[in-house]
Amino acid sequence: MEAIKMSSGLAEVISSLKAVSDEEWDAYILRLDMFYRHYTKEMCRNIISRAKEAGRKKAYEASREGEEIDHLVKRNSLKVSVVEDKEFIMPDSINFAEYHDNNIRISRRLLRSLDINKAVISKELGDFEPSHVLFYHELYHYYEDVEENFENAGISFKIKPVPFITKTISPDSAGEIAAYEFAKQMQKIQFHPYILGIIGLYEYNRDAAEKIMKDIMMRS
């Protein structure tokens, strides 16, 4: 797939993002894993498959309960806030939202960017509430935190980071892939939620957005 320059109009950028399959987005997220170079192709397929299944299963369970976001927040004693980037635990990273210790923080910068461009986004992606998508992604991480054997989709396996040393790891990427799938299912959207972060980057750091797009599309 040919990489698109982020200097293009936003509608064209979103159209290009939509053309990236869920499999390609998930593969990109997996490549960010610190142990990725130790994974075989079979292990990669297994991680993605099991993570997506975990996200779908949790969404099914949550949907059956039929609770509104306000009720979920209250029942689970969550604190949800919209914050500046500097307030994130890792402020120098490209953060869109984060969960930590019953706190869900959502990027004010990202929500502002999405709101400014809501007409174009709605036309290209349909009607949805971006903050709800981000909330459900982080809610999944809350479930990882409190439910037994649920972190990183319950996946663990052995690798050899160096010869003669075997290490049991649980890939963080599995938790991210599962959380994106959970959010997608809960909001019944037809696009990969990671797209929202790229749209936000397009507004304030086009070099970073273009770098991500190039990495994804060069491997498509």
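The values are calculated or read from the model by the stated rules, or taken from the named source; none is laboratory data. Small disclaimer: the values here were computed from a predicted structure and weren't measured. In this analysis, Cβ positions are derived from the backbone assuming ideal geometry, glycine residues included, and neighbour counts consider all displayed protein chains.
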Exercise for the section: Can you give me the number of residues within the range 158-190 that are touching a residue at least 24 places away in the same chain (Cβ under 8 Å), in contact with a strand residue (DSSP E or B) (Cβ under 7 Å, 6 or more places away or on another chain) and exposed (fewer than 14 other Cβ atoms within 10 Å of the Cβ)? Expected result: 2
Completion exercise
Every listed condition ((1) under 24 Å from E210 (Cβ atoms); (2) charged (D, E, K, R); (3) surrounded by 14 or more Cβ atoms within 10 Å (Cβ to Cβ); (4) modelled with pLDDT of 90 or more) holds for E23 save (3)
Handout entry: Count of the range 150-184 residues which are modelled with pLDDT of 90 or more and either closer than 18 Å to R56 by Cα or in contact with a Leu (Cβ under 9 Å, 6 or more places away or on another chain) (or both)
Key = 14
Exercise for the section: Please work out which one of (1) of a type outside the set (A, V, I, L, M, F, W, C); (2) in contact (Cβ under 8 Å) with a residue 40 or more places away in the chain; (3) touching a helix residue (DSSP H, G or I) at 6+ places or on another chain (Cβ under 9 Å); (4) part of a helix (DSSP H, G or I) is the condition K214 fails and give its number. Expected result: (3)
Problem - Conditions (1) modelled with pLDDT of 95 or more; (2) assigned to a helix (DSSP H, G or I); (3) among the hydrophobic types (A, V, I, L, M, F, W, C); number of the one not met by L201 - result: (1)
Completion exercise
Those residues of the range 26-53 that are within 25 Å of K214 (Cβ to Cβ), among the hydroxyl-bearing types (S, T, Y) and either in contact with a Leu (Cβ under 9 Å, 6 or more places away or on another chain) or not in a helix (DSSP H, G or I) (or both) come to a total of 2
Practice task
Determine which member of the set S63, S49 is of a type in the set (S, T, Y) and either touching a Lys or Arg at 6+ places or on another chain (Cβ under 6 Å) or free of Cβ contacts under 8 Å to residues at least 40 places away in the same chain (or both).
Solution key: S49
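Check the range 36-54 and report whether any residue there is over 19 Å from Y202 (Cα atoms), of a type in the set (D, E) and buried (at least 18 other Cβ atoms within 10 Å of the Cβ). Outline the logic, then answer.
Taking the range 36-54 and keeping what is over 19 Å from Y202 (Cα atoms), we get 36-54.
So of that shortlist, the ones also of a type in the set (D, E) come out as 42, 53.
With buried (at least 18 other Cβ atoms within 10 Å of the Cβ) added as a condition, the list becomes none.
There is no residue in the range 36-54 that is over 19 Å from Y202 (Cα atoms), of a type in the set (D, E) and buried (at least 18 other Cβ atoms within 10 Å of the Cβ).
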